[in-house]
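Working notes for the structure below.
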Amino acid sequence: MRRATLRSLLAHKLRLALSAVAIVLGVAFVAGTMIFTDTLDRTFTDLFESTASDVAVTPEGGAEGIDGPAGTLSVPGTLVGQVRAVDGVAAAEGYVQAQGVYLLTPAGEVLDTGGAPGIGISWTSAPGLDTGELTAGRAPERAGEVALDSGSAEEAGYAVGDRVTLLTPGPRVEATVVGVFTFGEDGGLAGASLTAFDVATAQQLTGVGDGFSGIQVAAAEDVSHDELADRVVAAVGDGYTVQTAQQQADEQSAALEEGLSFITVLLTAFAVIALFVGSFIILNTFSMLVAQRTRELALLRALGAGRGQVTRSVLLEAVVLGVVGATVGLAGGFGIATGLRALFGTFGLTLDGDLVLSADTVVWSYAVGVLVTVLAAWVPARRAARTPPVAAMRDDHVAVERSLRRRTAFGVALVAVAAGALAGSVAAGDSGHAPALVGVGGLALVLGAVALSPVLARPVVRVLGAPLPRLAGTAGRLARDNAQRNPRRTAATASALMVGLTLVTGFGVLGASANASVDALVDDTVRADYVVSTAVGQPFTPEVADRLRQLPEVDAVLQQRFTQVRVDGQSTFAAAVDATTLDRGLALEYVAGGSDGLAGRGLLVDETTAAERGWEVGDTVAAESAGGQPTELTVGGVYAANQAVGSMVLSLDTDAALGGPALDRYVYVVLADGTDAAAARAALETVVDAYPVVGLKDRDEFAGEQKAQVDQVLLLINALLVLSVLIAVLGIVNTLAMSVLERTREIGLLRAVGMDRRQLRRTVRLEAVLISVYGAVLGLGLGLVLGVGLTRALADQGITELVVPGGQLAGFLVLGALIGVVAAVWPARRAARLQVLDAIATA
Amino acid sequence: MTPVQQTSPAVPATAAGTPAARGRALTKVYGRGDTRVTALDAVDVDFRHGEFTAIMGPSGSGKSTLMHCMAGLDSLTSGSAWIGDTELSALDDRGLTRLRRDRIGFVFQAFNLLPTLTALENITLPMDIAGRTPDAAWLDSVVDAVGLRSRLGHRPAELSGGQQQRVACARALAGRPQVVFADEPTGNLDSRSGASVLSFLRTSVREMGQTVVMVTHDPAAASYADRVLFLADGRIVDEMAAPTAERVLDRMKAFDAAGRIVEVG
Ligand SMILES: Nc1ncnc2c1ncn2[C@@H]1O[C@H](COP(=O)(O)OP(=O)(O)OP(=O)(O)O)[C@@H](O)[C@H]1O
Ligand SMILES: [Mg+2]
């Protein structure tokens, strides 16, 4: 029996290759995603673990990792002494770390970090607290000296002794490179650039005064980190966060994971989809493989093989194929991971070092490859074992069509769950449960659609294919009939494309809505003629605003900052703005009070926050921050929720009093009446051009810049989806090629009675188009539901508009048809090449 | 026994005398070296208009090969075949496809019908492929002749083997081809279903003026024909006009006795 199995495997090399392709694809996708995720994880974990000090003291609410709003909170310089005095502390040093420090290349341009932050740090060289490892030169010791991270130095072409220019949140700085260092184990900074100063210079440049961003502590040998942390807490008191190395690394990893959660979730989703789609292809392939071998298996049964033997023979075949497929797929996974790394590289997330192949990846790859194949083969194997021996004698064994009733019931139940969840998400409003409910609803909807797809295949294909006989004659009619012939197969083939297009469409709707929301926000909220900001909303020097204010063409300038304060005991982000020009630059819709409520120590809050906290105009609330004096704020106005300013607004004075750094994020410029637009722009540009990190944008450009970010994310998602569409194409190729093999005799007959090769090719092509358009139609429908649900669920995240990108959706439909055409090329050619007589003779 | 050449060699074709199909020095060799098989060995053959010819001979004697070569399904090693006055070797794949579609009808031993099409759709398939509208009156008479009017909307899986073969015959005739080739059309049928298919073929010859060439192993089936050609080892070895089942059987026994026929069927 085993010999019969292996012989049969080898005898059908083409079928074998086609089914192996399905497994390879599924496994490659899963493995590729896992390898990439592991590599991503390793890069950051290494970075954090190798850079954390034994114990660290940071301002409460301020420990946000390198991506956080560093520089907004600080610890007083005097605290360092207090910490040093703690028993068990070997060394303690204050450090400074701030964003917005950029290196200029010799050509005078900002060194491209691909969107990653430019970070300035103070150099610490106490034992156990080294900032990094110097690979050349020495540490910076006084003003006018810097050390560069090796990646940035290399990219810009600087070496020890060179003069460099740096842009900082404050003034431009000229300095001499005295050292080059690596940071973390691999020197991997994920694209960010690091510039190290001596402590005093760093304090001065980043505006923390004589304070620090935090204190690093090295533990003495005889004390555990946990123990030491407890002692430090006792010494410094409330208001500070004290963490061990482990806690820091964990927190930073967690923060990063949250920052990258979108990517990880996306990748995991794709792995699941890949698995899903791959399983379909494998299941499909095996069903056909077994169906084609019905006679052979029946002959074995007739010769006395038991049912179990037949089942085992098919399963053994599946195991062999699964192992081979998984091995090749794992290798393919490296290819996919390399591709993903390159893709993310173009988005500024540079991952150095080798790809990581974890045991998990290997186990999963084989588990997926072998288990899914065996599971996929199980159903047809059982069916094969049930073929009566007499089928061997019968000329054309017609496979008994099984009832779709169970599937229908299951599918309807899932759709009901989906409907419930989606309805619930609308009802949930802004309780925060909406996105999760949409996720559950979406998953149930897609699964329900997969279950129902065979039921829908016949009627929908009939309608879609209705015009074919008229348009393409016999070829059209045969194509339509063939596509309806086996609804399970049609559905399984189409489902790969369906899942891919569901996601593309859903995100398409979300993206279009997000872009429309940006437009609406800029239209409704921004009154200013121009906005000055960095591309990613990083802080920059207030000099820009000061110089713009002096231009005769400028009527009003509004500075906007973001700051972190504790208001009434809760740490929140607040916007700080010029009280006098707020209404000139931005249009807030006041429900109570107005911008004059900012005067003194005034506070404006949005409606939601006011309602949540029970604040009314005239109430006073306590505000404090680690860097400044505690202050009483008076609620001076309530405005309708607005994405431009967030939940609270302070005046610049109040912010300064609370110790916020004097760095702007946005500067809004209102031109004087009657100024010539072109001349005004030229005047503004002469000022802004002096600061390479910031750009001048009119309202359209500003909206465009925000939309570009949305588009970039969409591009990333779509690039990943291209991969799943690719799998879908190969799935269709696979099914069609199998169908052609299966219908060899029919094809021979058609050729014998006068169908020429071109007509035959057209028949296969139209069948493929019908199947793929069927998948596309289902995908578009589901994607629309999902996209609308998602957009609704994210309404309180600022996606206020709902836009269905009709043109884009029509494009996807055309794409579906094209995919069919492309997928049919090879199977159609194969069909046309069949020799008439051989085909007729095929049993 | 010396092979008997009963067909008149290379008679100049007149309008009335042009055969519906003819072959000259038809030779087909499969394989080479040790596995070389001469399936057809310089066969000359004419199939006249309005004649029902049966081809008989032992298994492996080249009957199917002869039909396939005459019908443009297979290529010759040497020699020439004509349908009417069209020489097949002059045609490319598309030309042959057209020829099969428009001027030849086929009935195979089994698997004649597309499972997705109804009986009627199967009957009109060659014309549908060509994009021609069938001649309604002719189609009607063909359908009546096969006696399947009540089954036209059924799919092949819902028809008996005999009914399927009759549908195949109707398809072969529906386009008024110049020649109908049938390779063991009753091979899979019981004697009653076989008889209905054969009488239908004979009717089409007698009453509709069709030309039919049929391969068979069954002397009773051969008796429906106007003449029988006997093939052995790729040559035509005998011919019999106005055959009856007994005479054919006797003739074949004679082959057997001469040791020329090792097995039949
Ligand atoms: N494709 C092929 N390749 C090699 N040899 C072939 C091929 N087709 C037929 N033959 C050989 O040619 C000879 C004639 O075959 P053919 O099929 O014409 O016989 P037949 O008279 O139709 O026999 P049967 O009554 O069994 O159908 C046989 O010896 C056969 O083995
Ligand atoms: Mg034969």
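The values are calculated or read from the model by the stated rules, or taken from the named source; none is laboratory data. Please read all numbers here as calculations on a predicted model, not as lab measurements. With ideal geometry, Cβ positions are generated from the backbone for all residues, glycine too; neighbour counts draw on all protein chains shown. Quick note on the areas: whole protein, heavy atoms, side chains included, nothing else; ligands and nucleic acids left out. Shrake-Rupley method; radii C 1.70, N 1.55, O 1.52, S 1.80 Å.
So here's what we get for this one:
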| item | result |
| --- | --- |
| Number of positions in the range B:66-78 that are within 12 Å of ligand 1 (Cβ to nearest atom), open to solvent by 20 Å² or more (accessible area, probe 1.4 Å) and within 13 Å of B:Thr38 (Cα to Cα) | 1 |
| Where a residue in the range B:59-87 is closer than 18 Å to A:Val753 by Cα and among the hydroxyl-bearing types (Ser, Thr, Tyr) and its partner, wherever it lies, is within 16 Å of ligand 2 (Cβ to nearest atom) and part of a strand (DSSP E or B), with Cβ under 8 Å and at least six apart | B:Ser64/B:Asp183; B:Ser64/B:Val215; B:Thr65/B:Lys28; B:Thr65/B:Ala39; B:Thr65/B:Leu40 |
| Tally of residues being open to solvent by less than 40 Å² (accessible area, probe 1.4 Å) and of a type outside the set (Val, Ile, Thr) across the range B:185-195 | 5 |
| Odd one out for B:Pro126 among (1) modelled with pLDDT of 90 or more; (2) open to solvent by less than 20 Å² (accessible area, probe 1.4 Å); (3) touching a helix residue (DSSP H, G or I) at 6+ places or on another chain (Cβ under 6 Å) | (1) |
| Those residues of the range B:224-240 which are open to solvent by less than 40 Å² (accessible area, probe 1.4 Å), in a strand (DSSP E or B) and either under 16 Å from B:Pro58 (Cα atoms) or within 16 Å of ligand 2 (Cβ to nearest atom) (or both), in sequence order | B:Val228, B:Leu229, B:Phe230, B:Leu231, B:Ala232, B:Ile236, B:Val237, B:Asp238 |
| Qualifying residue in the range B:10-17 (condition: near ligand 1 (Cβ under 9 Å from one of its atoms), more than 14 Å from chain A (Cβ to nearest Cβ), modelled with pLDDT under 90 and more than 20 Å from B:Leu88 (Cα to Cα)) | no |
| Number of positions in the range B:159-177 that are away from chain A (no Cβ under 11 Å) and more than 21 Å from B:Ala136 (Cβ to Cβ) | 5 |
| Residue count for the range B:208-223, restricted to those that are open to solvent by 30 Å² or more (accessible area, probe 1.4 Å), in contact with a helix residue (DSSP H, G or I) (Cβ under 8 Å, 6 or more places away or on another chain) and within 13 Å of ligand 1 (Cβ to nearest atom) | 1 |
| One residue from A:Leu723, A:Leu760 being within 14 Å of chain B (Cβ to nearest Cβ) and among the aliphatic types (A, V, I, L, M) | A:Leu760 |
| Lone qualifier among B:Arg202, B:Arg235 - being away from ligand 1 (no atom under 16 Å from the Cβ) and away from every other protein chain (no Cβ under 14 Å) | B:Arg202 |
| Residue count, the range A:682-694 (criterion: among the small types (Gly, Ala, Ser) and crowded, with 19+ Cβ neighbours inside 10 Å) | 0 |
| Single condition B:Val45 does not satisfy, out of (1) open to solvent by 20 Å² or more (accessible area, probe 1.4 Å); (2) in contact (Cβ under 8 Å) with a residue 40 or more places away in the chain; (3) in contact with a Gly (Cβ under 8 Å, 6 or more places away or on another chain) | (1) |
| Some residue of the range A:588-606 being modelled with pLDDT of 85 or more and among the aromatic types (Phe, Trp, Tyr) | yes |
| Looking only at the range A:682-693, and only at residues there that are modelled with pLDDT of 85 or more and of a type outside the set (A, V, I, L, M), the one that is nearest to A:Phe573 (Cα to Cα) | A:Glu685 |
| Which listed residue, of A:Val217, A:Val199, A:Val208, is modelled with pLDDT of 80 or more and surrounded by 24 or more Cβ atoms within 10 Å (Cβ to Cβ) | A:Val217 |
| The listed residue being under 30 Å from A:Arg458 (Cα atoms) and within 16 Å of ligand 2 (Cβ to nearest atom), out of B:Phe181, B:Phe111 | B:Phe111 |
| Scope the range B:161-174; condition modelled with pLDDT of 85 or more and open to solvent by 30 Å² or more (accessible area, probe 1.4 Å); matching residues | B:Gln163, B:Gln164, B:Arg166 |
| The range B:49-64 - residue that is away from ligand 2 (no atom under 13 Å from the Cβ) and surrounded by 21 or more Cβ atoms within 10 Å (Cβ to Cβ) and, of those, nearest to B:Glu184 (Cα to Cα) | B:Ala54 |
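Conditions tested, residue by residue: (1) touching a strand residue (DSSP E or B) at 6+ places or on another chain (Cβ under 8 Å); (2) at pLDDT below 75; (3) open to solvent by less than 30 Å² (accessible area, probe 1.4 Å).
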{"site": "A:Gln248", "(1), (2), (3)": "yes, no, yes"}
{"site": "A:Phe262", "(1), (2), (3)": "no, yes, no"}
{"site": "A:Leu266", "(1), (2), (3)": "no, yes, yes"}
{"site": "A:Leu300", "(1), (2), (3)": "no, yes, no"}
{"site": "A:Leu303", "(1), (2), (3)": "no, yes, no"}
{"site": "A:Arg312", "(1), (2), (3)": "no, no, no"}
{"site": "A:Glu317", "(1), (2), (3)": "no, no, yes"}
{"site": "A:Gly325", "(1), (2), (3)": "no, no, yes"}
{"site": "A:Leu340", "(1), (2), (3)": "no, no, yes"}
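Rundown of residues vs (1) modelled with pLDDT of 90 or more; (2) within 16 Å of ligand 2 (Cβ to nearest atom), yes/no style:
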residue	(1), (2)
B:Leu66	yes, yes
B:Ala71	no, yes
B:Thr77	yes, no
B:Ser80	yes, no
B:Thr86	yes, no
B:Ser89	no, no
B:Arg98	no, no
B:Asp102	no, no
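Listed here are the residues, each with its yes/no results for (1) modelled with pLDDT of 85 or more; (2) touching a Lys or Arg at 6+ places or on another chain (Cβ under 7 Å); (3) open to solvent by less than 40 Å² (accessible area, probe 1.4 Å).
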| residue | (1), (2), (3) |
| --- | --- |
| A:Val621 | yes, no, yes |
| A:Gln629 | no, no, no |
| A:Ala641 | no, no, no |
| A:Gly646 | no, no, yes |
| A:Ala656 | no, no, no |
| A:Val667 | yes, no, yes |
| A:Leu671 | yes, no, yes |
| A:Ala680 | yes, no, yes |
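For (1) modelled with pLDDT of 90 or more; (2) away from chain A (no Cβ under 14 Å); (3) more than 16 Å from ligand 2 (Cβ to nearest atom), each residue gets a yes or a no:
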site	(1), (2), (3)
B:Gly153	yes, yes, yes
B:Pro156	no, no, yes
B:Thr186	no, yes, no
B:Ser196	no, yes, yes
B:Thr211	yes, yes, yes
B:Pro219	yes, yes, yes
